[in-house]
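Heads up, the thing below is written out as structure tokens.
Throughout, read-outs are computed from the coordinates displayed, never taken from laboratory work. Given the structure is predicted, the values throughout are model-derived calculations rather than measurements. We place every Cβ from the backbone using ideal geometry, glycine too, and count neighbours over all the protein chains shown.
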Amino acid sequence: MIALRNVRFAYTNEPVLDVSYLRIDQGAHHLLLGPSGSGKTTLLHVLTGLQRPDRGAVMIDGHDLYEMPEGSRDTFRGQRIGIVFQQFHLVQALSVTQNLFLAPSMAGLRVDKARAATLLETLGLGDKARAYPDELSQGQRQRVAIARALMNKPPLLIADEPTSALDDANAQAVADLLLYAADQEGATLVVATHDARIADRFEHRLTLPLVSAEAAVENE
Amino acid sequence: MAAVTFPRMINAQTNMQAAAPAVETQRLLNLLGIGLDALRLFGIVLIAAAALGVGIALYNAMRDRRYDLAVMRSLGAKRRTLVAHALLEGFLLASMGTVLGLLLGHGAASALGAATAGTRTPVPLTGLTFVPEEWALVALMLGLGIIAALIPAIQAYRTDIARLLARG
């Protein structure tokens with residue numbers, strides 16, 4: 001599913017990310033651990049085609065992400081990768097349903113209204129379809145963000161600190177939801193977090209900084 | 001010969017004052033002409049100020065929506081989609097402004113005509129005619145809208161999504 005080879009990225013001279021080899025299998029759920037500044041977010045951005053690494057190859061489903069032209073990479077990300085951000089990043093001017101519709105329309109896919117309704121129902125937001133993000137609680141917003149990430153049935157679901165802005169109950173609920181949704185869709189799930197509350201829920205763990213293949217294996 | 005001497009004779013020997021209609025009309029038009037030139041210049045200044053205002057408004061609107069733009073990219077939008085988005089915003093704003101401006105202008109002309117219709121000095125104005133030059137105005141306004149949207153569009157193109165999204 002995902003393979004990284006000799007990936008290196010540095011903002012300055014000190015590399016933030018230095019991965020000689022990393023493989024994540026289809027359908028596996030990985031937790032990415034590490035203190036802040038250890039490159040979790042950078043790794044996720046590299047994985048999703050948002051941040052070109054200084055060198056190295058990122059393969060997703062057999063496609064080399066940074067070999068393709070930028071426009072194709074954007075479309076690829078839109079269609080195959082669902083991203084959940086720590087700050088949710090919902091569009092405030094759009095209703096919950098419109099936020100969900102944004103995913104297929106930005107990715108150049110047909111807008112499946114039934115899918116949006118089903119997702120909201122599944123995530124317990126059936127009655128919030130017409131609400132706007134600022135009328136929702138933090139937990140509800142995060143669920144909308146998850147629903148939006150799932151809209152295009154992506155084989156890869158990526159979440160960056162999805163629970164750190166939430167209270168205990170919501171954090172557990174969001175972890176449940178991510179795992180449940182990923183299993184339902186047969187999606188690979190990669191969650192970066194420093195949130196100990198959800199750490200024991202995942203079968204595979206990767207601790208950053210990842211420096212070599214050995215390190216990656218030891219951590220599993 | 002009489003055309004020159006007769007007015008002078010009247011001015012010199014009577015209480016009356018001679019005035020040649022052609023000359024006086026010419027003088028009046030010259031005076032008005034200065035006013036019209038000033039009005040035209042004023043109009044140009046107004047258009048420039050409006051373009052600047054729209055440009056700044058669009059720039060700020062785009063700044064406020066940096067995160068939305070980054071989110072759109074993360075959801076699969078291409079850079080050129082965002083640029084089109086920014087230009088379209090300028091175009092739509094300019095279109096609405098042009099329509100509103102034309103309606104107000106024609107309306108004001110009609111209102112002035114109607115208000116002075118029964119008085120001793122009626123101003124024969126109507127807003128119901130449409131002069132071809134107004135098409136040039138429409139083209140100018142839409143062009144300005146797009147130019148005003150250029151900087152925000154470039155800004156949208158350059159958005160560093162990774163950095164923006166990481167900052168949260």
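Listed values, structure above:
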quantity	calculated
Residue of B:Ala70, B:Ala50, B:Ala108 that the Gaussian network model of chain B assigns the largest fluctuation, springs spanning Cα pairs under 10 Å	B:Ala108
Cα centroid separation, the range B:106-124 to the range A:34-53 (Å)	69
Selected from A:Ala147, A:Ala196, A:Ala131 as most flexible by GNM, with chain A as the system and alpha-carbon contacts under 10 Å	A:Ala196
The range A:139-206: C-alpha gyration tensor shape, a/c 1.5 cut-off, then a/b vs b/c	oblate
Partner chain coverage, peptide B:75-87 - average Cβ within 10 angstrom	5
Helix B:79-115 vs. chain B, principal-axis angle (Cα, 0 to 90°, nearest 10)	30
Interchain or long-range residues, amide H under 5 Å from A:His63's placed H	none
Largest-first principal axis extents, alpha carbons of the range B:48-168, Å	72, 25, 23
Residue-averaged [θ]222 nm for the protein assembly as shown, counting only DSSP H segments that reach four residues, each worth -39500 (n - 2.57)	-18500 deg cm²/dmol
Kirkwood Rh (inverse of mean 1/r, distinct Cα pairs), the range A:1-145, angstrom	17.0
Between the range A:58-86 and the range B:140-168, the Cα center-to-center distance that results, in Å	23
Loop-located trypsin sites (Lys or Arg not before Pro) in the range B:111-168, at most 10 other Cβ atoms within 10 Å (DSSP)	B:Arg120
Volume per residue that the Cα convex hull of the range A:80-220 spans, once the total is divided by residue count, Å³	113
Alpha-carbon Rg/Rh ratio, for the protein assembly as shown, with Rh computed the Kirkwood way	1.29
Under 5 Å, built H, 5+ apart or other chain: amide partners of A:Ile83	A:Ile158
